[in-house]
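K.L.:
Here it is: the structure, laid out below.
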Amino acid sequence: MSSSEQKPLQNASGENTPKGAATQKKILVVDDDPVTRKVLTVALTRQGYAVFSARDGAEAIGVVRDDVPDMMLVDVNLEPAAGFDGAAIWDGFQVTRWLRHVTARRIPAILMSASDKPEYRRYTAKIGAESFMAKPISNADLLQSIEARLAAHAPA
């Protein structure tokens, strides 16, 4: 590959992203449900975002180490799995807090859950995440929320 030729980026489906992908906003989707990951990946890719996905916190950290996203969508109720220290179980709140603090900049985050518990909304605010959305989420509402959060975090 010549120095003027760039390797195309791949989205979460392993497909090459459209031309100009280097300028696309990158969104990380963290959800243990493969159907949800696929639906969000397709919807966001159609809107011109470069989408990366992870099924749990460990995978999400690997993605962020390779390429820091512009936004994260994180399911609150991730399936129980061994935490990063081998003992703790990490939910979406803990994963979000960790990912936002391991990078040099604060990654905007929208937390999601099939349960619309008031304590989820309170804890979302407490950890400084931008928004909480209850599933099912309409594509229009999600896209509007993403665009608003990205615009609010755009460099001046």
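The values are calculated or read from the model by the stated rules, or taken from the named source; none is laboratory data. Since this is a predicted model, take the numbers as computed values, not measurements. Cβ placement follows ideal geometry from the backbone for every residue including glycine, while neighbour counts extend to all protein chains displayed.
K.L.:
Among (1) at pLDDT 80 or above; (2) surrounded by fewer than 21 Cβ atoms within 10 Å (Cβ to Cβ), there is one condition Leu78 misses while meeting the rest; what is its number?
P.N.:
(2)
K.L.:
Determine, yes or no, whether Gly86 is within 14 Å of the chain's Cα centre (by Cα), at pLDDT below 95, surrounded by fewer than 18 Cβ atoms within 10 Å (Cβ to Cβ) and not aromatic (Phe, Trp, Tyr).
P.N.:
Spelling it out, it is not the case that Gly86 is within 14 Å of the chain's Cα centre (by Cα), at pLDDT below 95, surrounded by fewer than 18 Cβ atoms within 10 Å (Cβ to Cβ) and not aromatic (Phe, Trp, Tyr).
K.L.:
Any chance you could count how many residues in region 99-123 are more than 16 Å from Leu73 (Cβ to Cβ) and of a type in the set (Phe, Trp, Tyr)?
P.N.:
Looking only at that region, the number is 1.
K.L.:
Exactly one of (1) outside any loop (DSSP other than H, G, I, E, B); (2) modelled with pLDDT of 90 or more; (3) out of contact with any Phe, Trp or Tyr (no Cβ under 9 Å at 6 or more places or on another chain) is unmet by Leu99. Its number?
P.N.:
In the conditions (1) outside any loop (DSSP other than H, G, I, E, B); (2) modelled with pLDDT of 90 or more; (3) out of contact with any Phe, Trp or Tyr (no Cβ under 9 Å at 6 or more places or on another chain), Leu99 misses (2) alone.
K.L.:
Could you tell me which residue of region 37-59 is nearest to Ala151 (Cα to Cα), considering only residues that are under 12 Å from the mean Cα position of the chain (by Cα), in a helix (DSSP H, G or I) and modelled with pLDDT of 95 or more?
P.N.:
Checking each candidate, the answer is Leu44.
K.L.:
Here's a follow-up. Name every residue in region 49-68 that is under 19 Å from Met112 (Cα atoms) and charged (D, E, K, R), in order of residue number.
P.N.:
Arg55, Asp56, Glu59
K.L.:
While we're looking at this one, here's another question. Cβ contacts < 6 Å: first residue within 19 Å of Asp31 (Cα to Cα), restricted to region 113-127; second residue loosely packed, with under 12 Cβ neighbours inside 10 Å and basic (Lys, Arg), any location; separation 6+ or different chain. Result?
P.N.:
No pair meets every condition.
K.L.:
Right, something else. Using the structure shown, decide if Pro69 is crowded, with 20+ Cβ neighbours inside 10 Å, under 22 Å from Asn139 (Cβ atoms) and either out of contact with any Asp or Glu (no Cβ under 9 Å at 6 or more places or on another chain) or not charged (D, E, K, R) (or both).
P.N.:
yes
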